[in-house]
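To start, the structure under review is shown below, and the notes come after it.
The values are calculated or read from the model by the stated rules, or taken from the named source; none is laboratory data. From a predicted model like this one, the values you see are computed outputs, not experimental measurements. Cβ coordinates were reconstructed from backbone atoms using ideal geometry, including for glycine residues, and neighbour counts include every protein chain displayed.
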Amino acid sequence: MQNISFDVADGEFCILLGPSGCGKSTLLRLIAGLEEPSGGEIFIGAERVDALAPRERDVAFVFQNYALYPHMTVFENLAFSLRVRSMSKTEIGPKVKDAARLLEIEDLLDRRPQALSGGQRQRVALGRAIVRQPKIFLFDEPLSNLDATLRASMRVELARLHHRLGATIVYVTHDQAEALTLGDQIIVLNRGTIQQIGSAAAVYRTPSNIMVAGFVGNPQMNLLEGNVDSTGSMFLCENLRLDLKSLVNQSLRQLSQRSLTIGIRAEDFAIADPAAAWIAGDIDLVEDLGSDRYLRVKCDRIELVVRAGREENVQRGDQIGLNVRFDRMHFFVDGKRFEL
Amino acid sequence: MKRAAALALFSLGIALYCLVPFLWFVLTSFKTSAELTAIPPTLLPSFHWTFYQSALQNYGLLHYVVNSAIVAGSATLLTITVGSLAAYAIARLHLTWTNFCLLFLLAISMFPQIAIAGPVWTILDRLQWLNTFQGLVAAYVALSLPLAIWILTTFFRDVPREIEEAALIDGCSRLQALYKIVLPLAAPGILTAALLVFIQAWNEFFFALIIMTDPEVQTLPVGIALFPGEYTMPWGEISAASTIATIPLIVLTLIFQRGIVRGLSAGAVKG
């Protein structure tokens, strides 16, 4: 990991987002004290903690596979951290009951983890964290092991919990949908370095490089690699010549002969008459998700993903023309965002 | 249907084959002297306790049982304690040489006992530990540590790292996490290892024979082997003594087997 530097504000929901192996879990574990940093400093509040053991940092960690204590009941799992700190039984009881009530697991208190479903175990893991009222909550992909419906409902619950508890949360995920819906601040990581830090809107609308552009957003942003010609008005990509005159702008001419990647999101296309459109191709596949339809369009050797409304009459094999919203186009020079 | 019956018969056959020697001396122990030497051999004895009485009173059987208990018990306790520490370290530390350690232990354990008998005897002699309990226990600990460490490492590895980390975050020190979380979860494994070590120590003959020459401190296997006098071959007493020697092992296995199976079937360690 290199050049990692960021702040998380009090009460903020901060997301560490990135593909597998990018170091986000490692970063989380460094904050928790489960890994030792080879350099640098970690502060929780005003206190420097990178030399402290996990138990001295007052953080709570929710693991991806929950890591509940299998030889204890749910009640004992929740009470464990309080018992270790020698809290009396009279104090522990109400705290555990409150957390259980908040997460609706009150009738599970006598059960063992083996007798719980995935979703229930996840709530117990959450409960274990909440009961401690720590300074920071650390979540390591807590929803990855749940099925899609449960994931969606737990996402909502997590957001509600965050507002209710006013907690400071650092949350690791590879699911960009989770990141966008939950995060106040998103930190995109790749291969041990920070790619971008920003709000969900910032990361989605103004990705700072190709990696972020391609990673955030489902379906993936269409990325076209090519050059600008010497006049600065045509974009040459594979065998296509795409007209950029609508963007008449001085700065494009300076990019001629340099490699340029244009990014266009699936929803920023408009379907038009193939003869007069900006780019035309054949529909290779229609993915009908019910609420949206995504078309896989093949234009010469380029493959594009285009969102189509429900009313459009489009079928596999049709020829289709696409116009693009130039104001929503992204430009990347040498991989980095280029602002016109 | 036929195959199930054939399989059942086959299994029964093998079980009988294994149990016959045991059954024979148990039955023999209840015979009278006359039945013992009868031809044709008596299969079912009339139940007399004479051989047991004789073994206990004339051959000092109880004395040997106590010695065996002390030696095997201490050896098991020491082996498991030391072995657990080693196994925990090997299981948790991810160093390049931890696998080498295990292989090295395996290699050592393959030494034939007769090859190391002489050196072991000499060491104990120099320490003046011949004919002492600590001498034999020391030898047994050295003999059973490799096996114990191998078994314990496997069981410690089976305890998911995250559960321990959760304990550390919840406020435990390393030792507390070990005591409150890891040991209870590894308990079935520890019991298994303890049982195997105990059985090995209880039945061990060779080192007991060469190290313990004083009848005061001899263990059961050696004691029973020395029952025969110059002119007598007390089959009856030997049978009685062997039966008594086997009972503790059976009882222990039955008791802990339940615990081990219960521990494993409780779905243990899938966080």
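Values as computed for the structure displayed
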item	result
Residues (surrounded by fewer than 19 Cβ atoms within 10 Å (Cβ to Cβ) and either in a helix (DSSP H, G or I) or over 12 Å from the mean Cα position of the chain (by Cα) (or both)) located in the stretch A:164-182	A:R164, A:L165, A:G166, A:A177, A:T181
The stretch A:152-192: number of residues that are without any contact (Cβ under 8 Å) to a residue 24 or more places away in the chain and more than 21 Å from A:A99 (Cβ to Cβ)	1
Test set (1) within 14 Å of chain A (Cβ to nearest Cβ); (2) touching a residue at least 12 places away in the same chain (Cβ under 8 Å); (3) of a type in the set (G, A, S) - B:S242 fails condition number	(1)
Within the stretch B:180-219, considering residues that are over 28 Å from B:I247 (Cα atoms) and out of contact with any His (no Cβ under 9 Å at 6 or more places or on another chain), the one surrounded by the fewest Cβ atoms within 10 Å (Cβ to Cβ)	B:L183
Residue that is nearest to A:E12 (Cα to Cα) [pool: residues in the stretch A:45-66 that are surrounded by fewer than 16 Cβ atoms within 10 Å (Cβ to Cβ) and either among the hydrophobic types (A, V, I, L, M, F, W, C) or at the interface with chain B (Cβ under 8 Å from one of its Cβ atoms) (or both)]	A:A46
Scan of the stretch A:106-135 for residues that are touching an Asp or Glu at 6+ places or on another chain (Cβ under 9 Å) and surrounded by 21 or more Cβ atoms within 10 Å (Cβ to Cβ), ordered by number	A:R123, A:L126, A:R128, A:I130, A:V131, A:R132
Count of the stretch A:134-150 residues which are in a loop (DSSP other than H, G, I, E, B) and of a type outside the set (A, V, I, L, M)	7
Close pairs from the stretch A:131-143: first in contact (Cβ under 8 Å) with a residue 40 or more places away in the chain, partner in a loop (DSSP other than H, G, I, E, B), Cβ under 6 Å, at least 6 apart	A:P134/A:D58; A:K135/A:D58; A:F137/A:A167; A:D140/A:F63; A:D140/A:Q64; A:E141/A:Q64
Residue within the stretch B:33-49 that is closer than 20 Å to B:V222 by Cβ and assigned to a loop (DSSP other than H, G, I, E, B) present	no
Of all residues making up the stretch A:70-84, the number that are within 8 Å of another protein chain (Cβ to nearest Cβ) and among the hydrophobic types (A, V, I, L, M, F, W, C)	2
Hits in the stretch B:120-133 - residues which are touching a residue at least 24 places away in the same chain (Cβ under 8 Å) and assigned to a helix (DSSP H, G or I)	B:V120, B:W121, B:L124, B:F133
Selection count where residues are of a type in the set (D, E, K, R) and in contact with a Cys (Cβ under 9 Å, 6 or more places away or on another chain), scope the stretch A:187-211	1
Candidate set: the stretch A:203-245, residues that are part of a strand (DSSP E or B) and among the polar types (S, T, N, Q); chosen: the one farthest from A:S291 (Cα to Cα)	A:N227
Pair list, Cβ under 9 Å, 6 or more apart: the stretch A:253-274 residue under 20 Å from A:S208 (Cβ atoms), other residue acidic (D, E) and part of a strand (DSSP E or B)	A:S259/A:E225; A:L260/A:E225; A:T261/A:E225; A:I262/A:E225
B:A240 vs. criteria among the small types (G, A, S) and farther than 18 Å from B:V66 by Cα	no
Qualifying position, being under 17 Å from B:I169 (Cα atoms), buried (at least 16 other Cβ atoms within 10 Å of the Cβ) and either outside the structural domain of A:G18 (by TED's automatic domain parsing) or more than 24 Å from the chain's Cα centre (by Cα) (or both), among A:L78, A:L138, A:L103	A:L78
Test: residue in the stretch B:109-124 that is at pLDDT below 90, closer than 30 Å to B:V182 by Cα and more than 19 Å from the chain's Cα centre (by Cα)	no
Residue selected from the stretch B:153-179 under the condition facing chain A (nearest Cβ under 7 Å) and among the β-branched types (V, I, T), by the criterion surrounded by the most Cβ atoms within 10 Å (Cβ to Cβ)	B:I169
Output for the stretch A:5-44, where each listed residue is under 25 Å from the mean Cα position of the chain (by Cα), part of a loop (DSSP other than H, G, I, E, B) and hydroxyl-bearing (S, T, Y)	A:S5, A:S20
Some residue of the stretch A:183-192 being outside any helix (DSSP H, G or I), more than 24 Å from the chain's Cα centre (by Cα) and crowded, with 16+ Cβ neighbours inside 10 Å	no
Hey, A:L252 assigned to a strand (DSSP E or B) and either surrounded by fewer than 18 Cβ atoms within 10 Å (Cβ to Cβ) or not small (G, A, S) (or both) or not	no
Which numbered condition A:G40 fails, given (1) surrounded by 13 or more Cβ atoms within 10 Å (Cβ to Cβ); (2) of a type in the set (G, A, S); (3) without any contact (Cβ under 8 Å) to a residue 40 or more places away in the chain	(1)
Test set (1) under 19 Å from A:V216 (Cα atoms); (2) modelled with pLDDT under 85 - A:V333 fails condition number	(2)
Some residue of the stretch A:45-62 being within 20 Å of the chain's Cα centre (by Cα), in the same structural domain as A:I187 (by TED's automatic domain parsing) and not in a loop (DSSP other than H, G, I, E, B)	yes
Answer residue from the stretch A:85-96, given it is within 14 Å of chain B (Cβ to nearest Cβ) and free of Cβ contacts under 8 Å to residues at least 24 places away in the same chain and is surrounded by the most Cβ atoms within 10 Å (Cβ to Cβ) among those	A:I92
Every residue from the stretch A:72-92 that is in a loop (DSSP other than H, G, I, E, B) and either modelled with pLDDT of 90 or more or among the β-branched types (V, I, T) (or both)	A:M72, A:T73
Yes/no for B:A148 being in a helix (DSSP H, G or I), within 12 Å of another protein chain (Cβ to nearest Cβ), under 22 Å from B:A91 (Cβ atoms) and small (G, A, S)	no
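Residues are listed down the side, and each one gets a yes or a no for (1) of a type outside the set (D, E); (2) away from every other protein chain (no Cβ under 12 Å):
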| residue | (1), (2) |
| --- | --- |
| A:R29 | yes, no |
| A:F43 | yes, yes |
| A:L68 | yes, no |
| A:D98 | no, yes |
| A:L103 | yes, yes |
| A:E106 | no, yes |
| A:L109 | yes, yes |
| A:D140 | no, no |
